[in-house]
1. 7 Å from Cα along Cα→Cβ at both residue 21 and residue 118: what's the point-to-point distance in nm?
2. Subtract the Cα-Cα distance of residue 90 and residue 145 from 0.36 nm times their separation in residues, and report this length gain in nm to one decimal.
3. Under the rule of at least 5 residues apart or a separate chain, name every residue whose amide H is placed under 5 Å from the amide H of residue 40.
4. Sticking with the crude label model, points 7 Å out along Cα→Cβ, report the distance from residue 53 to residue 37 in nm, one decimal please.
5. Could you tell me the largest-minus-smallest coordinate of the C-alpha atoms of the range 68-173 on each of the three principal axes, in descending order and whole angstroms?
6. From the phi of every residue in the range 145-158, what ³J(HN,Hα) in whole Hz does the Karplus formula 6.51 cos²θ - 1.76 cosθ + 1.60 yield, where θ is phi - 60° and glycine or proline is x?
7. In sequence order, what are the phi-derived ³J(HN,Hα) couplings for the range 89-103 according to the Karplus relation 6.51 cos²θ - 1.76 cosθ + 1.60 with θ = phi - 60°, rounded to whole Hz, with x for glycine and proline?
8. Whenever you get a sec, line up 1, 137 from highest to lowest accessible area (probe 1.4 Å, protein heavy atoms).
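The values are calculated or read from the model by the stated rules, or taken from the named source; none is laboratory data. Note that the coordinates shown come from a computational prediction; the quantities given were computed from them, not determined experimentally. So basically every Cβ, Gly included, is an ideal-geometry build from the backbone, and we count neighbours across all protein chains shown. In case anyone asks, the SASA skips ligands and DNA or RNA and just uses the protein heavy atoms, side chains included. Shrake-Rupley method; radii C 1.70, N 1.55, O 1.52, S 1.80 Å.
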Amino acid sequence: IIKLNPKPGGSMKEASKNLQQITPDFMITEFEGKLELTMNGRNAPDLRVSKSYENMLRSYSEGAKTSKSDKEAVQFVKQKLEGAKWFIDAIKQRQQTLMMTMQTILDYQEEFFLTGDETTLRPMILKDIAERTLLDISTVSRVANSKFVQTEFGTYRLKFFFSESLSTESGEE
């Protein structure tokens, strides 16, 4: 009895800590024979610049600019608004790049996404997608790295769809 563990379920805690939950970046669903691609917006809420800051800038600009502190306040608010707008544009461009790349992968591997049969996967390299999207190979690589897509047949890493060639059962390429 001395050697027995009084809390046998405690060993399960250590095993559960090592589990990592995957949240897919893209979801592909079939609707009336057509594939629909959606992006999981979990990390990118709708961004916008607050109207109160734009109104503040307008009121400072229209007001008397006699003092040096008023001019500095206008410049400060203007600089922060431009930075916020640049950031929002960068996020939108990133989302467009992600969607365009995933849509191209979807078009290239459409048969797989319809059937879920891995034997229908076509050999595809980063260069194939880069040429179709007119993006740099390094950009396509960054998009595919550590991103996941949820299909009706399971969740896959985007890197799963890239390969130099496929091997047959006899080992031939």
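1. Between residue 21 and residue 118, the simple spin-label model gives 2.7 nm.
2. 17.9 nm
3. Residues meeting the criterion, in which the H sits 1.01 Å from N, are 26, 27.
4. The modelled label-to-label distance comes out at 3.2 nm.
5. The principal-axis extents, from largest down, are 80, 27, 19 Å.
6. 6, 6, 10, 10, 10, 9, 10, 5, 10, x, 9, 10, 6, 5
7. 5, 5, 5, 5, 5, 4, 5, 5, 5, 4, 5, 5, 5, 5, 5
8. 1, 137
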